[in-house]
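Scroll down for the structure; my scribbles are underneath it.
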């Protein structure tokens, strides 16, 4: 006997995106989601990062009187009043790129990114970690492609996150997208 598709399929979840501050991400917080005049409490754990999804199991039963989950994707927004990167990672611009990267006596890793790019936020903590480890041996920079189209255009940046590895002012290696630490580390070792 064949079963109807409705009996076999699980309900389609409803998806939301929730923007939080970097402070909320670090310490955790509680937010209220309103759907169809019903309020649902979302507890954000400390240390949550961009791209994480919080599942509100069977929440649609409360809001829509039907089975189904609500999935909330987290987007961490950086406070513009703060330095957007750790002191080990220097924010460069179209005007400072030449002096900070191309004329730098040290090899340099440049992270091409944008604030709206979720994968960029995923790779950023790894770049910051490696910057601490390689401090004094390799320079680490970030360039916001939205604010600095000249440098991004010069190096034909079409997808982000893009890591370019410079030595003596020339691109030696590159890495596109979110990659494992070992991949970046092996490219850094080639610069030394």
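Of all residues in segment 126-143, none are touching a strand residue (DSSP E or B) at 6+ places or on another chain (Cβ under 9 Å), touching a residue at least 60 places away in the same chain (Cβ under 8 Å) and crowded, with 20+ Cβ neighbours inside 10 Å. Among the residues of segment 86-115, those identified as closer than 16 Å to residue 157 by Cα, free of Cβ contacts under 8 Å to residues at least 60 places away in the same chain and either exposed (fewer than 15 other Cβ atoms within 10 Å of the Cβ) or in contact with a strand residue (DSSP E or B) (Cβ under 8 Å, 6 or more places away or on another chain) (or both) are 92, 93, 97, 110, 111, 112, 113, 114, 115.
Note on segment 32-53: residues that are assigned to a strand (DSSP E or B) and surrounded by 15 or more Cβ atoms within 10 Å (Cβ to Cβ) amount to 5. For segment 66-80, taking the residues that are at pLDDT 90 or above and more than 16 Å from residue 52 (Cβ to Cβ), the one that is nearest to the chain's Cα centre (by Cα) is identified as 68.
Restricting attention to segment 60-71, the residues that are out of contact with any helix residue (DSSP H, G or I) (no Cβ under 9 Å at 6 or more places or on another chain) and within 20 Å of residue 19 (Cα to Cα) total 1. Close Cβ contacts (under 8 Å, 6 or more residues apart or on different chains) running from residues in segment 55-79 that are without any contact (Cβ under 8 Å) to a residue 12 or more places away in the chain to residues that are surrounded by fewer than 15 Cβ atoms within 10 Å (Cβ to Cβ) comprise 58/67; 61/67.
The set of residues in segment 1-18 that are surrounded by 10 or more Cβ atoms within 10 Å (Cβ to Cβ) and at pLDDT below 85 contains only 11. Within segment 114-125, is even one residue over 17 Å from residue 50 (Cα atoms) and not assigned by TED's automatic domain parsing to the domain that holds residue 51? No, that holds for no residue.
The values are calculated or read from the model by the stated rules, or taken from the named source; none is laboratory data. Please read all numbers here as calculations on a predicted model, not as lab measurements. Please note: Cβ atoms are built from the backbone with ideal geometry, for glycine as well, and neighbour counts cover all protein chains shown.
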